[in-house]
1. Out of T168, T175, T134, T130, which single residue is at negative phi, crowded, with 20+ Cβ neighbours inside 10 Å and in a loop (DSSP other than H, G, I, E, B)?
2. Residues that are more than 30 Å from T134 (Cα to Cα) and more than 16 Å from ligand 2 (Cβ to nearest atom): does the range 73-87 have at least one?
3. Could you check E207 against (1) at pLDDT 95 or above; (2) exposed (fewer than 15 other Cβ atoms within 10 Å of the Cβ); (3) under 27 Å from the mean Cα position of the chain (by Cα) and say which number it fails?
4. Report the residue count in the range 14-33 for those that are surrounded by fewer than 13 Cβ atoms within 10 Å (Cβ to Cβ) and closer than 19 Å to E348 by Cβ.
5. Please verify whether R55 is charged (D, E, K, R), part of a loop (DSSP other than H, G, I, E, B) and over 25 Å from the mean Cα position of the chain (by Cα), treating the condition exactly as stated.
6. In the range 239-308, which strands (runs of 3 or more DSSP E) lie fully inside it and hold 3 or more residues that are at pLDDT 95 or above and touching a helix residue (DSSP H, G or I) at 6+ places or on another chain (Cβ under 9 Å)?
7. Return yes or no: is V184 aliphatic (A, V, I, L, M), assigned to a strand (DSSP E or B) and within 16 Å of ligand 2 (Cβ to nearest atom)?
8. Does F140 satisfy the criteria of being within 16 Å of ligand 2 (Cβ to nearest atom), under 19 Å from Q218 (Cβ atoms) and buried (at least 17 other Cβ atoms within 10 Å of the Cβ)?
Amino acid sequence: PEAITVQELSKRMGEKGADLVKTLFKMDMMVTVNQTIDADTAELLVEEFGHIVKRVSEADVEIDTNKDVDPEETLKPRAPVVTIMGHVDHGKTSLLDALRGTDVVAGEAGGITQHIGAYKVTTKDGAEITFLDTPGHEAFTEMRARGANVTDIVILVVAADDGLMPQTIEAINHTKAAGVPMIVAINKIDKDGANPQKIRERLLEHEVIVEAMSGDVQDVEVSALKKLNLDKLLDAIALQAELLELKANPDRAAEGTVVEAKLDKGRGPVATILVNRGTLKVGDVFVVGTESGKVRALIDDKGKQVKTAGPASPVEVLGLSGVPSAGETLSVVENEARAREVASYRQEQATSRRTAIAPANLDTMFSALA
Ligand code: GDP
Ligand code: MG
């Protein structure tokens with residue numbers, strides 16, 4: 001339910017907070033300026049002061065991302081977004097690094113690889129694939145918990161010399177719950193004692209039926225260390241992506257998801273945004289969670305300053321008012337007034353939630369003291 005702090009209400013009414021507290025006291029309510037009152041109480045209070053009540057509902061302020069669905073004809077193919085999951089030490093980080101090394105444009109840029117939480121690879125066939133660089137199912141579930149379903153494909157890494165471990169099984173369950181297609185990367189095939197066939201058999205027990213077992217889950221034997229079969233894995237991703245027919249409208253106000261964010265000593269608040277739809281541009285005004293801002297600079301995963309970032313592109317954004325949380329949505333809005341309106345509305349909602357306690361009425365206060 002709608003609620004507001006006495007402080008915020010006093011600001012909006014242009015009255016002293018202490019006067020509101022006094023009036024509430026007369027209405028049998030003991031609250032301090034920092035506490036929250038519900039909308040009905042607020043309305044009574046406002047009328048008591050002879051002001052006119054204007055309630056603003058969430059629908060009046062919030063950005064309705066479901067409302068403006070992009071028409072089919074505006075959609076263009078976009079790169080798949082891939083997350084790597086698997087048990088600890090099975091080679092997630094090694095595989096992410098090895099796949100990053102396959103990028104054919106990284107060399108041209110001559111840049112030092114920037115770890116910004118996601119990177120894009122262009123394969124030798126010209127296909128683009130975006131990898132989330134925050135392996136592990138914590139990141140995956142945390143993002144999902146915030147309603148961010150950015151992953152199109154999960155790569156399940158299983159070490160061929162170790163087999164299915166607890167986090168492997170967790171990853172399978174999370175992936176199934178999310179309804180995201182999976183590709184199995186059987187890693188460390190260079191090692192003595194590697195037994196890929198055993199992995200395929202064990203996967204059956206968890207209803208992951210790979211192609212070699214007449215199922216429809218692609219499996220690829222790789223070695224992240226020796227860089228074996230990485231091209232096969234990329235092909236498998238490209239094939240899966242084709243089946244998904246991933247599309248987005250690049251010609252609209254951008255919407256993206258925070259992959260990671262931090263306060264940088266020199267640059268201030270910095271967030272890595274994965275653009276979901278639209279094109280993010282330098283100069284764009286936006287809201288992200290309870291923060292707002294204006295894009296001062298965009299830096300890609302190769303450390304290069306860019307002017308724009310389209311769907312499925314990860315990009316570092318500078319020019320935020322504060323540090324947002326991973327999984328929050330960035331939305332470009334018309335102007336700074338609108339950005340401030342949405343951000344301050346969300347801040348109030350967050351404050352109300354933090355301070356929400358039922359205002360004690362005098363009777364209960366006194367009975368508590370007696
Ligand atoms: P993570 O915990 O899943 O991120 O695993 P890491 O990428 O950190 O790898 C764990 C260990 O396995 C490291 O010592 C890697 O060098 C090693 N490793 C990863 N991939 C391979 C591989 O394909 N072959 C071999 N022999 N070792 C590997
Ligand atoms: Mg790791």
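1. Going through T168, T175, T134, T130 in turn, just one is at negative phi, crowded, with 20+ Cβ neighbours inside 10 Å and in a loop (DSSP other than H, G, I, E, B): T134.
2. yes
3. Going through the list (1) at pLDDT 95 or above; (2) exposed (fewer than 15 other Cβ atoms within 10 Å of the Cβ); (3) under 27 Å from the mean Cα position of the chain (by Cα), E207 breaks only (3).
4. Residues meeting the conditions: 1.
5. Taking the combined requirement at face value, the residue satisfies it.
6. 285-288, 291-299
7. Here the answer is no, as V184 does not meet what is asked.
8. No; evaluated as a whole, the condition is false for this residue.
The values are calculated or read from the model by the stated rules, or taken from the named source; none is laboratory data. Quantities reported herein were computed from a predicted structural model and do not represent experimental measurements. Neighbour counts run over all protein chains shown; Cβ positions are idealised from the backbone, glycine included.
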